[in-house]
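I'd like to ask some things about the structure below.
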Amino acid sequence: MLQRTTVRALESWTEGRWWSADEPGATVHDAVTGEEVVTVSSAGLDAAAAVAYARDVGGPALRRSTFPQRAATVKALALALKERREELVELSARTGATPADASVDVDGAIGTALVFASKAKTLPDANVLPEGDVEPLGRGGTFAGRHLLTPLTGVAVEINAFNFPVWGMLEKLAPALIAGVPSIVKPATPTAYVAEHAVRIMAESGLLPEGAVQLVSGGVGDLLDHLGGQDLLSFTGSATTAARLRGHEAVTARSLRFNAEADSLNGTVLGPDATPGTEELDLFADAVVHEMTCKAGQRCTAIRRVLVPEARLDEVAGAIAERLARVVVGAPGAEGVTMGALAGQAQREEVLAAVGRLRAAATVVTGGAAPAEAVGADPRTGAFVAPTLLRADDADRAEVHTVEAFGPVATLLGYRDTAHAVDLLARGGGSLVASVVSRDPDVVRELVTGAAPHHGRVLVLDRDSAGESTGHGTPMPQLVHGGPGRAGGGEEEGGLRAVAHHLQRTAVQGSPRVLELFG
């Protein structure tokens with residue numbers, strides 16, 4: 001069992017050693033009690049040396065093994081984390097995460113890494129991956145071409161969001177390691193101490209080749225100034241930060257590979273066939289409440305806009321409000337608690353401010369403020385927000401399609417017909433995921449095909465799939481995660497596609513005998 005200790009300076013792990021900044025950094029507080037947990041600073045980071053260490057030591061060490069061998073290493077790392085998962089779950093409670101929330105992060109990370117490892121064990125026992133068929137390029141059959149994929153020789157810099165300190169790291173790190181590209185991981189400050197502990201577990205396992213992974217706790221300084229065309233930058237976070245990174249000279253002038261996954265105004269649509277008494281109506285209300293309260297609504301894939309037929313607004317509002325009334329807010333692990341705190345007081349203030357902006361176009365059905373009570377905690381010192389459902393009687397108001405409250409908040413909207421529902425979904429400007437709850441094939445076809453250009457993923461939920469459905473908010477490592485427009489325009493996961501993002505595709509031409517050299 002981990003013991004709570006006095007505040008300490010969080011450490012970074014670069015150039016093969018653990019170290020902390022000499023000067024005080026940002027103080028991170030316990031999301032429930034307000035107690036100081038750690039200070040975070042990267043002052044003294046030698047970014048140029050960290051990049052050089054990754055390229056000169058980490059990359060060659062990784063590429064001395066093959067794709068399947070590195071997949072086996074990733075599997076072993078996942079199992080090392082699984083063996084010590086309780087440490088991460090306990091530590092996550094200080095971020096406001098309930099045991100169920102922590103499982104989404106920790107067990108989700110382990111499962112994601114295992115999926116990548118399983119898929120990659122089928123790759124060639126080499127560092128060259130042939131792609132597609134050999135293409136004849138001459139009439140006599142003596143000249144042909146084929147695409148080959150080979151590992152980039154640079155470094156993958158991975159900047160992660162605060163809401164998933166373990167899963168957000170592993171879903172980027174695992175495919176990079178399998179590809180043979182070393183990583184520099186930069187966790188978000190509010191939950192960096194959880195990510196640091198996960199890296200310590202991996203480091204202490206002895207499984208990582210030297211230089212394969214480095215950790216920067218705190219700001220990245222001038223790190224991006226040292227990146228170029230053989231490197232990658234993967235970012236999860238706000239659209240504002242993504243835009244700033246995208247405009248960096250490393251991206252615009254040196255063609256640094258850049259991938260962004262940003263928060264978005266994801267929506268769910270109740271089909272007109274889901275009338276009272278149908279299983280689909282209950283599935284819909286349950287799904288909305290789950291997405292609002294899991295991780296206290298701090299998921300980039302959480303439902304923000306709830307679309308229902310106009311004539312059903314009152315009925316659906318009542319069904320959701322009734323379920324939200326049963327949600328118990330409080331300290332993670334306290335008896336009966338089903339929703340914990342936000343990651344910190346700053347996050348709570350941001351959420352409440354966003355709710356205030358949404359109220360210009362919507363009315364509060366339930367919630368809308370900090371709760372009067374929190375089981376096992378003081379609601380004044382903990383970063384708690386009551387589950388909040390709003391209702392906009394004018395679904396075309398701009399605010400409900402542009403303002404995101406990154407917490408347990410969703411807005412109910414009425415649509416006139418399925419074409420209007422598709423239009424409302426599109427007004428989010430590009431989202432990670434939409435869901436459709438309907439059993440009518442014509443409704444499903446129209447909504448899915450209409451929503452698809454504006455979303456990275458669309459989930460259809462009905463009584464047939466409900467028993468095994470992984471839900472609206474859970475991206476699966478076998479399928480792509482990302483979305484157009486506001487959602488960042490990037491792509492993560494997707495099985496072996498995630499590994500291929502770290503490889504260079506090269507067209508090789510020659511005789512069939514030459515092409516056979518590469519598999």
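If each of Arg84 and Ser65 carries a label point 7 Å out from its Cα toward its Cβ, how far apart are those two points in nm?
Result: 1.8 nm between the two label points.
Mind checking Rg over Rh on the range 220-345, alpha carbons, Kirkwood formula for Rh?
Rg/Rh for the range 220-345 comes to 1.16.
If you take every residue apart from Ala383 with its C-beta less than 14 Å away from the C-beta of Ala383, what net charge results, scoring Lys and Arg +1 and Asp and Glu -1?
Taking every other residue near Ala383 into account, the sum is -2.
What residues qualify as long-range amide H neighbours of Ser435, i.e. H under 5 Å apart, gap of 5 or more or another chain, H built at 1.01 Å from N?
For Ser435, whose amide H was placed from the backbone, the distant partners under 5 Å are Gly267, Thr268, Val269, Leu459.
Right, something else. Using modelled amide H (1.01 Å from N, peptide plane; none on Pro or chain starts), what sits under 5 Å from the amide H of Thr366, excluding residues fewer than 5 places away?
Close amide H contacts, sequence-distant or interchain: Leu389.
Can I ask one more? Using alpha carbons only, how many degrees (0 to 90, rounded to 10) separate the axis of helix 313-324 from the longest principal axis of the chain?
70
Candidates [x] 21, 49, 24, 6, 0; [y] 23, 58, 19, 0; [z] 22, 53, 23, 2, 0; which is the computed P(r) over Cα pairs in 20 Å bins from 0, in percent?
Looking at P(r) over Cα pairs in 20 Å bins from 0, in percent for this model, the match is [z].
Oh, and also: Using the Cα centre as the reference, give the magnitude of the dipole from point charges on the C-beta atoms of the range 109-188 (Lys, Arg: +1; Asp, Glu: -1; all else neutral), rounded to the nearest 20 debye.
For the range 109-188, the charge dipole is close to 60 debye.
Label Arg8 and Ala243 with points 7 Å out from Cα along Cα→Cβ: what is the distance between them in nm?
Simple spin-label model gives 4.0 nm for this pair.
About its Cα centre, what dipole magnitude does the chain give when the only charges are +1 on Lys and Arg Cβ and -1 on Asp and Glu Cβ, stated in debye to the nearest 20?
With only Lys, Arg, Asp and Glu charged at Cβ, the dipole is about 1240 debye.
Which of the lysines could be linked to Lys119 by a straight reach, that is with a Cα gap under 28 Å, when you skip same-chain ones fewer than 8 residues away?
Lys119 reaches Lys75, Lys82, Lys172, Lys186.
Using only the C-alpha atoms of the range 150-301, find the volume of their convex hull and express it per residue in Å³.
157
Residues with beta-carbon under 11 Å from that of Ser431, excluding Ser431: net charge, scoring Lys, Arg +1 and Asp, Glu -1?
+3
Turning to a different aspect of this structure: Please sort by residue number the trypsin sites (Lys or Arg not before Pro) in the range 449-515 whose DSSP state is loop and whose Cβ has at most 15 other Cβ atoms within 10 Å.
Numbers: sites: Arg457, Arg463, Arg486, Arg497, Arg505, Arg513; in loops: Arg463.
Qualifying residues, ordered by number: Arg463.
Still on this structure, please answer the following. Carbon and sulfur together cover what percent of the accessible area of the chain at a 1.4 Å probe radius?
Carbon and sulfur: 52 percent of the exposed surface of the chain.
In debye to the nearest 20, how big a dipole does the range 390-519 give about its Cα centre with +1 on each Lys and Arg Cβ and -1 on each Asp and Glu Cβ?
Dipole magnitude for the range 390-519 comes out near 420 debye.
Compute the long axis of helix 67-83 from its Cα atoms, compare it with the longest principal axis of the Cα atoms of the chain, and write down the angle in degrees, 0 to 90, nearest 10.
Taking the Cα atoms of the chain, the angle to 67-83 is about 40 degrees.
Out of Cys300, Leu342, Val327, whose Cα points farthest toward the positive end of the dipole of the range 297-342 (charges: +1 Lys, Arg; -1 Asp, Glu; placed on Cβ)?
Final value for the positive-end residue is Cys300.
How large is ³J(HN,Hα), in whole Hz, for each residue of the range 47-63 in order, when computed from phi with the Karplus curve 6.51 cos²θ - 1.76 cosθ + 1.60 and θ = phi - 60°, using x for Gly and Pro?
Here the 3J(HN,Hα) series is 4, 4, 5, 5, 5, 5, 5, 5, 5, 8, 10, x, x, x, 5, 5, 7 Hz.
Follow-up question, since we're still on this one. With Cβ to Cβ distances under 12 Å as the rule, what net charge do the other residues near Thr191 carry (K, R +1; D, E -1)?
-2
Using the C-alpha gyration tensor of the range 384-506, what are the square roots of 5 times its eigenvalues, in whole angstrom, with the largest one first?
On the way: eigenvalues 142, 70, 51 Å².
Listed largest to smallest, the semi-axes of the range 384-506 are 27, 19, 16 Å.
Binning at 5 Å from 0, report for the range 25-179 what percent of all alpha-carbon pair distances ends up in each bin.
2, 8, 13, 14, 15, 14, 12, 8, 5, 3, 2, 1, 1, 1, 0, 0
A further question follows. Could you give me the ³J(HN,Hα) list for the range 480-495, computed from phi with Karplus coefficients 6.51, -1.76, 1.60 and θ = phi - 60°, whole Hz, x at Gly and Pro?
5, 10, x, x, x, x, 3, 6, x, x, x, 8, 10, 6, x, x
By how many degrees, between 0 and 90 and to the nearest 10, does the Cα long axis of helix 167-179 differ from the longest principal axis of the chain?
Computed tilt is about 20 degrees.
Now for a separate question. Among Val365, Gly59, Val375, which residue has its Cα positioned farthest towards the positive end of the charge dipole of the chain, with +1 placed on the Cβ of Lys and Arg, -1 on the Cβ of Asp and Glu, and the dipole taken about the Cα centre?
Of Val365, Gly59, Val375, it is Gly59.
Additional query: Per residue, how much accessible area does the chain have with a 1.4 Å probe, in Å²? The partial results should precede the final answer.
Details: 20250 Å² over 519 residues.
Result: 39 Å² per residue.
Given the convex hull of the Cα atoms of the range 344-408, what is a quarter of its surface area in nm²?
Taking a quarter of the hull surface, the average projection is 4.3 nm².
Please report the projected area of the range 28-118's Cα convex hull averaged over all directions, in nm².
Mean orientational projected area (the range 28-118, Cα hull): 7.8 nm².
If amide H atoms are built 1.01 Å from N in the plane of the peptide, which residues on other chains or at least 5 residues away come under 5 Å of the amide H of Leu412?
So Leu412 has HN proximity to Val306, Leu390, Arg391, Ala392.
The values are calculated or read from the model by the stated rules, or taken from the named source; none is laboratory data. Only a predicted model underlies this, so the values are computations on that prediction, with no experimental measurement involved. Every residue, glycine among them, receives a Cβ derived from its backbone with ideal geometry; neighbour counts consider all protein chains shown. Quick note on the areas: whole protein, heavy atoms, side chains included, nothing else; ligands and nucleic acids left out. Shrake-Rupley method; radii C 1.70, N 1.55, O 1.52, S 1.80 Å.
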